[in-house]
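Novice: Quick one: structure below, then a few questions.
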Amino acid sequence: MATTRRPLISGNWKMHHNHFEAIQTVQKLAFVLNPADHDAVDVSVHPPFTDIRSVQTVIESDEMRLLLGAQHCHFEEKGAYTGEVAPGMLAKLNVALVIVGHSERRQVFGETDDDVCRKVGAVLANGMTPIMCCGETQEEREADATEERVTSQVQAGLAGLSADQVGGLVVAYEPIWAIGTGLTATPEDAQAVCRVVRQVVADGWGQAAADAVRIQYGGSVKPVNAPDLMVQPDVDGLLVGGASLDADEFARIVAYHRLVG
């Protein structure tokens, strides 16, 4: 990654960990990470909604150097949206980052590019940072449509934003075929698509925004492949799923910097 962009390693817990397990996980994570890890890397945890208040309390009371994240939010501030959570509610809990448009939200819950765009804007309007996800299916990959699909998702998801806004957010490239499958894009493949993302930003919002925006890779990230992914020039971070549920394993991913110097 470029030295001007600070790495961001994010743990997406998905629908795992009750609030007791969540507290135990962040406490252990804070214990096993050392100050040098935090000096080198931003680390965020994204628990389920029911855990956020518990995790917030532990992070703040113990003065942990962890960023609190959420996995999703609605684009409206209030209203008759049963089961949804407003971005302003998350901001009141000092949530710093919100994952938007994860492939599971798109595929399972039918989120559209327009939904993603509105959520990105709502997250920004509430003073939080969106992690906007993009990625191709196995069928699109086999049809050599990866670049086309990722380009359209980035353009649609960031539509209407200023260059400063785009430069301050995070884009996560998560090939859908690698989510929870054990399959991982090679570091070179990840770099190629992350480079496409950066070029889309440059074309749409200028080179300064492209140089500033942080781009994560997500998809079966493990301690063994994290260093090779993170040395790629356009990979600025990792969006980690299953491996983030175990504090020791997640800490080993965060500690990639010890191996790459």
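The values are calculated or read from the model by the stated rules, or taken from the named source; none is laboratory data. Quick caveat, the model's predicted, so the values are computed rather than measured. No Cβ is skipped: glycine too gets one built from the backbone with ideal geometry, and neighbour counts run over all protein chains shown.
Novice: Looking only at residues that are among the β-branched types (Val, Ile, Thr) and farther than 20 Å from residue 180 by Cα in the stretch 114-152, which one is surrounded by the fewest Cβ atoms within 10 Å (Cβ to Cβ)? Break it down into steps so the answer makes sense when it comes.
Specialist: Initially, the stretch 114-152 is screened for residues among the β-branched types (Val, Ile, Thr), giving 116, 120, 123, 129, 131, 137, 146, 150-151.
With farther than 20 Å from residue 180 by Cα added as a condition, the list becomes 116, 120, 123, 129, 151.
Details: 116: 25, 120: 25, 123: 26, 129: 19, 151: 17.
The extreme case among them is 151.
Novice: Could you check the stretch 46-85 and list, in sequence order, the residues that are hydroxyl-bearing (Ser, Thr, Tyr) and assigned to a loop (DSSP other than H, G, I, E, B)? It would help to see each step written out before you state the result.
Specialist: To start, the set of residues in the stretch 46-85 that are hydroxyl-bearing (Ser, Thr, Tyr) comprises 50, 54, 57, 61, 81-82.
Listed by number, the residues that qualify are 81, 82.
Novice: Let me ask something else about it. In the stretch 182-200, what count of residues is obtained for those that are β-branched (Val, Ile, Thr) and more than 18 Å from the chain's Cα centre (by Cα)? Before the answer, list the steps.
Specialist: Going residue by residue through the stretch 182-200, those that are β-branched (Val, Ile, Thr) are 184, 186, 193, 196-197, 200.
From the residues that got through so far, the ones that are more than 18 Å from the chain's Cα centre (by Cα) too are 186, 200.
Qualifying residue count for the region: 2.
Novice: Moving on to the next point. List pairs: first in the stretch 60-87 and farther than 23 Å from residue 240 by Cα and modelled with pLDDT under 95, second surrounded by 15 or more Cβ atoms within 10 Å (Cβ to Cβ) and not aliphatic (A, V, I, L, M), Cβ under 9 Å, 6+ apart or cross-chain?
Specialist: Once the first residue is farther than 23 Å from residue 240 by Cα and modelled with pLDDT under 95 and sits in the stretch 60-87, no partner that is surrounded by 15 or more Cβ atoms within 10 Å (Cβ to Cβ) and not aliphatic (A, V, I, L, M) comes close enough.
Novice: Spot the failing condition for residue 111; the list is (1) part of a loop (DSSP other than H, G, I, E, B); (2) exposed (fewer than 14 other Cβ atoms within 10 Å of the Cβ); (3) not β-branched (Val, Ile, Thr), and only one is missed.
Specialist: (2)
Novice: While we're looking at this one, here's another question. Condition (residue is under 16 Å from the mean Cα position of the chain (by Cα) and on the phi < 0 side of the Ramachandran plot) applied to the stretch 156-165: is it met by at least one residue? First the steps, then the outcome.
Specialist: Restricting attention to the stretch 156-165, the residues satisfying the condition of being under 16 Å from the mean Cα position of the chain (by Cα) are 157-158.
Subset that is on the phi < 0 side of the Ramachandran plot: 157-158.
Yes, the conditions are met somewhere in the stretch 156-165.
Novice: Restricting the search to the stretch 186-226, which residues are among the aliphatic types (A, V, I, L, M) and surrounded by fewer than 17 Cβ atoms within 10 Å (Cβ to Cβ)?
Specialist: Applying the first criterion (among the aliphatic types (A, V, I, L, M)) to the stretch 186-226 yields 190, 192-193, 196-197, 200-202, 208-210, 212-213, 215, 221, 224, 226.
Hits for the stretch 186-226 are 192, 202, 208, 224.
Novice: Name the residues in the stretch 215-234 that are under 12 Å from residue 9 (Cα atoms) and within 14 Å of the chain's Cα centre (by Cα), would you?
Specialist: Of everything in the stretch 215-234, those that are under 12 Å from residue 9 (Cα atoms) and within 14 Å of the chain's Cα centre (by Cα) turn out to be 215, 216, 217, 218, 221.
Novice: Could I ask something else about it? Taking the stretch 126-145 as the search range and keeping residues that are hydrophobic (A, V, I, L, M, F, W, C) and within 20 Å of residue 214 (Cβ to Cβ), which one is nearest to the chain's Cα centre (by Cα)?
Specialist: Here is the first cut: in the stretch 126-145, the ones hydrophobic (A, V, I, L, M, F, W, C) are 128, 131-134, 143, 145.
Now restrict to residues that are within 20 Å of residue 214 (Cβ to Cβ): 128, 131-134.
Numbers: 128: 13, 131: 5, 132: 7, 133: 7, 134: 10 Å.
Ranking the qualifying residues of the stretch 126-145, first place goes to 131.
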